[in-house]
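One structure below.
Rule-based calculations on the coordinates, nothing more; no lab input. Keep in mind that this is a model prediction, so the values were computed, not measured. For neighbour counting, all protein chains shown are included, and Cβ atoms are generated from backbone atoms with ideal geometry for every residue, glycine included.
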Amino acid sequence: MDGRELIALAKEARKNAYIPYSGFSVGAALLAKSGRVYTGCNIESATFSPTICAERTAFAKAISEGEREFEAIAIVGGSDRDDEICYPCGVCRQVMSEFCSGDFKLYFADGEEVKEYSFDEMMPYRFYL
Ligand code: THU
């Protein structure tokens, strides 16, 4: 499963986003080391704070299925287009930090191009217990 294939799955997942408040839809596709892919979309709430991002939806699905080790994630999102870079929020980065090592890969669609970052690049100096 390469970055382009993961991005295609994230774009599919984005179609299910529940976004009556922001109109900003996000899709994610998370590749576990087992080879399975878990997708997610953002799900908003009238009281706002229960809103869950696409990335954390994907992680919740994977973790609850017993996965603990991850290879890569693709994230797509925006107000309308699905080829603009949508970086993960700080809360999602902290959740990734719980389960992902520095070489975990993040893929973003930048027009026709695939941009790839390591988790170390995305979240340097992270908090550990
Ligand atoms: N959102 C995500 O799904 N992932 C992110 O990393 C950033 C933000 C969602 C949350 C909310 O539904 C909408 O985008 C606007 O913040």
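Of the residues making up the range 1-33, those that are in a loop (DSSP other than H, G, I, E, B) and touching a residue at least 12 places away in the same chain (Cβ under 8 Å) are MET1, LYS15, ASN16, ALA17, ILE19, PRO20, TYR21, SER22, GLY23, PHE24, LYS33. With respect to the conditions (1) surrounded by 15 or more Cβ atoms within 10 Å (Cβ to Cβ); (2) more than 10 Å from the ligand (Cβ to nearest atom); (3) at positive phi, TYR125 falls short on a single one, namely (1). The set of residues from the range 45-64 being part of a helix (DSSP H, G or I) and within 13 Å of the ligand (Cβ to nearest atom) comprises ALA54, GLU55, ARG56, THR57, ALA58, PHE59, ALA60.
Among the residues making up the range 65-81, those that are under 16 Å from the mean Cα position of the chain (by Cα), farther than 13 Å from ALA17 by Cα and of a type in the set (Gly, Ala, Ser) are ALA72, ALA74.
With respect to the conditions (1) surrounded by 14 or more Cβ atoms within 10 Å (Cβ to Cβ); (2) assigned to a loop (DSSP other than H, G, I, E, B); (3) of a type in the set (A, V, I, L, M, F, W, C), ILE73 lacks only one, and its number is (2).
Looking at the range 85-99, can you tell me whether even one residue there is in contact with a strand residue (DSSP E or B) (Cβ under 7 Å, 6 or more places away or on another chain), farther than 15 Å from ALA28 by Cα and more than 11 Å from the ligand (Cβ to nearest atom)? The answer is yes, given that some residue of the range 85-99 is in contact with a strand residue (DSSP E or B) (Cβ under 7 Å, 6 or more places away or on another chain), farther than 15 Å from ALA28 by Cα and more than 11 Å from the ligand (Cβ to nearest atom).
Restrict the check to the range 30-44 and report whether at least one residue is near the ligand (Cβ under 9 Å from one of its atoms), surrounded by fewer than 22 Cβ atoms within 10 Å (Cβ to Cβ) and not aliphatic (A, V, I, L, M). Reasoning before the result, please.
Let us first name the residues in the range 30-44 that are near the ligand (Cβ under 9 Å from one of its atoms), namely 40-44.
With surrounded by fewer than 22 Cβ atoms within 10 Å (Cβ to Cβ) added as a condition, the list becomes 43-44.
Next, only the ones that are not aliphatic (A, V, I, L, M) stay: 44.
Looking for residues that are near the ligand (Cβ under 9 Å from one of its atoms), surrounded by fewer than 22 Cβ atoms within 10 Å (Cβ to Cβ) and not aliphatic (A, V, I, L, M), one finds at least one in the range 30-44, hence yes.
Tallying residues that are assigned to a loop (DSSP other than H, G, I, E, B) and within 16 Å of CYS92 (Cα to Cα) within the range 34-44 yields 2. Among the residues examined, GLU67 qualifies as buried (at least 17 other Cβ atoms within 10 Å of the Cβ), away from the ligand (no atom under 16 Å from the Cβ) and in a loop (DSSP other than H, G, I, E, B).
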